[in-house]
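To start, the structure itself, in structure tokens.
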Amino acid sequence: MKSACHDPLQSYLPRLRARLALVFSLALLCGWVLFTALAPKPVGAQGATGAGHLLIYSIDVEGGQSTLLVGPTGESLLVDTGWPDNRGRDAERIMQAMQDAGIKRIDHVLITHYHADHVGGVPDLVARVEVGEFIDHGPNREDSPSTRAGYEAYLKAIAGHTRHMVDPGDTIKISGLDVIVLTEDGEHISTVPGIKPVPNPYCASERAWPTDPTENARSTGILVIYGKFKFLDLGDLTGQKEVALVCPRNPIGTVDLFLVSHHGMDLSNSPALVDAIHPEVAIMNNGAHKAGMPAAWQTVHDSPGLEDLWQLHTAENSDAAHNSPEALIANPKGDGDGHDLKVVALANGEFSVTNSRTGTTKQYPRK
């Protein structure tokens with residue numbers, strides 16, 4: 001007859017195994033959480049908000065300019081506002097970029113000059129978005145009906161806002177960034193703090209550029225420095241003023257990202273400037289039927305060391321030989337409008353460009 005005695009160890013073993021399995025699972029989970037938290041993330045995979053990177057959005061305003069920068073602490077700078085009217089189209093596109101960046105106000109708006117495709121969107125913007133201050137070069141210098149009207153509309157729209165007029169060498173104070181005014185109201189800086197001017201070998205072969213009496217030559221241009229990353233935006237600065245800035249000595253040095261001057265017009269983008277700054281990547285904020293001219297496109301494309309030339313639109317008045325591959329174009333012919341190009345830059349010099357149309361990101365490692 002079998003014993004009816006109960007073995008305590010035999011009944012405890014299943015519970016022991018279950019507890020050990022639970023402990024093991026929790027250890028694995030904790031290890032995975034710690035690994036994902038500490039593991040380095042690729043540039044393009046980082047989120048839109050939070051410290052540790054600079055965001056730059058080249059917003060599609062159909063051949064005008066609107067470039068949103070959001071620094072590592074979330075402080076923002078908008079360079080130009082696109083066109084007027086169109087039921088607030090350009091202001092709405094700026095707001096889409098703001099939403100992606102995780103911001104609800106714009107701390108600084110820089111108006112490079114008073115042409116309608118740069119200043120025209122200010123009334124629509126202030127009707128929708130809180131703005132901290134406006135920055136410009138002072139009074140309008142161009143005697144044309146459209147520019148006078150654009151400047152008057154600008155003054156009316158910014159009434160009650162802080163207005164700051166800058167000079168060459170001034171800085172725009174944004175936490176975590178160095179933003180230096182290079183050109184303003186027809187004048188230019190001769191030295192940039194921390195950068196030694198060097199002789200520019202491309203000046204000797206540069207052609208003579210005509211005098212430009214328009215507001216383009218008065219453009220406020222900036223150099224943005226975030227650690228080892230450098231971004232250059234000269235607005236619509238034209239050839240004669242570009243050459244004066246970098247000849248006979250180049251005070252800028254080389255840059256990682258260049259916003260192609262004047263939307264890719266051949267009134268700008270002198271080889272003496274473009275070749276001297278050696279951009280790794282360039283973005284052309286052209287329209288489907290505005291700018292993106294073959295001569296300017298070729299100058300930028302052939303710049304020493306350039307890896308990619310991105311475009312906001314296919315230049316439909318040009319040809320296939322003077323347009324970038326479709327993967328590098330935010331809005332190809334027939335695809336519609338409104339897609340932007342988003343740059344995420346790290347202080348170590350790494351950056352990426354994302355095409356919002358395709359969602360694809362290209363990484364650019366530190367040089």
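Of everything in the stretch 244-279 that is surrounded by 21 or more Cβ atoms within 10 Å (Cβ to Cβ) and of a type in the set (Asp, Glu), the residue that is nearest to Leu78 (Cα to Cα) is Asp256.
When Asp236 is tested against (1) surrounded by fewer than 24 Cβ atoms within 10 Å (Cβ to Cβ); (2) farther than 26 Å from Lys362 by Cβ, just one condition goes unmet, and that condition is (1).
Considering each of Asn216, Asn200, Asn140 in turn, give the residue that is among the polar types (S, T, N, Q), over 22 Å from Gly71 (Cα atoms), in contact with a strand residue (DSSP E or B) (Cβ under 6 Å, 6 or more places away or on another chain) and touching a residue at least 40 places away in the same chain (Cβ under 8 Å).
Among Asn216, Asn200, Asn140, only Asn200 is among the polar types (S, T, N, Q), over 22 Å from Gly71 (Cα atoms), in contact with a strand residue (DSSP E or B) (Cβ under 6 Å, 6 or more places away or on another chain) and touching a residue at least 40 places away in the same chain (Cβ under 8 Å).
In the condition set (1) assigned to a loop (DSSP other than H, G, I, E, B); (2) touching a strand residue (DSSP E or B) at 6+ places or on another chain (Cβ under 9 Å); (3) free of Cβ contacts under 8 Å to residues at least 40 places away in the same chain, Asp266 is compliant with all but (2).
Being of a type in the set (S, T, N, Q) and free of Cβ contacts under 8 Å to residues at least 24 places away in the same chain is a description that does not apply to Thr147. Of the residues that sit in the stretch 61-75 and are in contact with a strand residue (DSSP E or B) (Cβ under 6 Å, 6 or more places away or on another chain) and in contact (Cβ under 8 Å) with a residue 40 or more places away in the chain, which one is nearest to Ala282 (Cα to Cα)? In this case the residue turns out to be Thr67.
Could you check the stretch 302-321 and list, in sequence order, the residues that are crowded, with 17+ Cβ neighbours inside 10 Å, of a type outside the set (A, V, I, L, M, F, W, C) and closer than 30 Å to Pro251 by Cα? Result: Ser303, Asp308, Gln311.
In the stretch 206-226, is there at least one residue being crowded, with 20+ Cβ neighbours inside 10 Å, among the charged types (D, E, K, R), within 18 Å of the chain's Cα centre (by Cα) and assigned by TED's automatic domain parsing to the domain that holds Arg141? Within the stretch 206-226 (the criterion being crowded, with 20+ Cβ neighbours inside 10 Å, among the charged types (D, E, K, R), within 18 Å of the chain's Cα centre (by Cα) and assigned by TED's automatic domain parsing to the domain that holds Arg141), the answer is no, since none of the residues qualifies. Does the stretch 328-343 contain any residue that is in a helix (DSSP H, G or I), modelled with pLDDT of 95 or more, closer than 20 Å to Asp256 by Cβ and of a type outside the set (Phe, Trp, Tyr)? Yes, because at least one residue in the stretch 328-343 is in a helix (DSSP H, G or I), modelled with pLDDT of 95 or more, closer than 20 Å to Asp256 by Cβ and of a type outside the set (Phe, Trp, Tyr). Per this entry, Ser324 is not counted among residues that are touching a Gly at 6+ places or on another chain (Cβ under 7 Å) and either over 30 Å from His137 (Cα atoms) or outside any helix (DSSP H, G or I) (or both). Listed by position, the strands (runs of 3 or more DSSP E) contained in the stretch 100-202 that have at least 2 residues being buried (at least 21 other Cβ atoms within 10 Å of the Cβ) and modelled with pLDDT of 95 or more are 105-110, 130-136, 178-184.
The values are calculated or read from the model by the stated rules, or taken from the named source; none is laboratory data. Remember, predicted model here, so these are calculated numbers, not experimental data. Every residue, glycine as well, gets a Cβ built from its backbone with ideal geometry; the counts of neighbours run over all protein chains shown.
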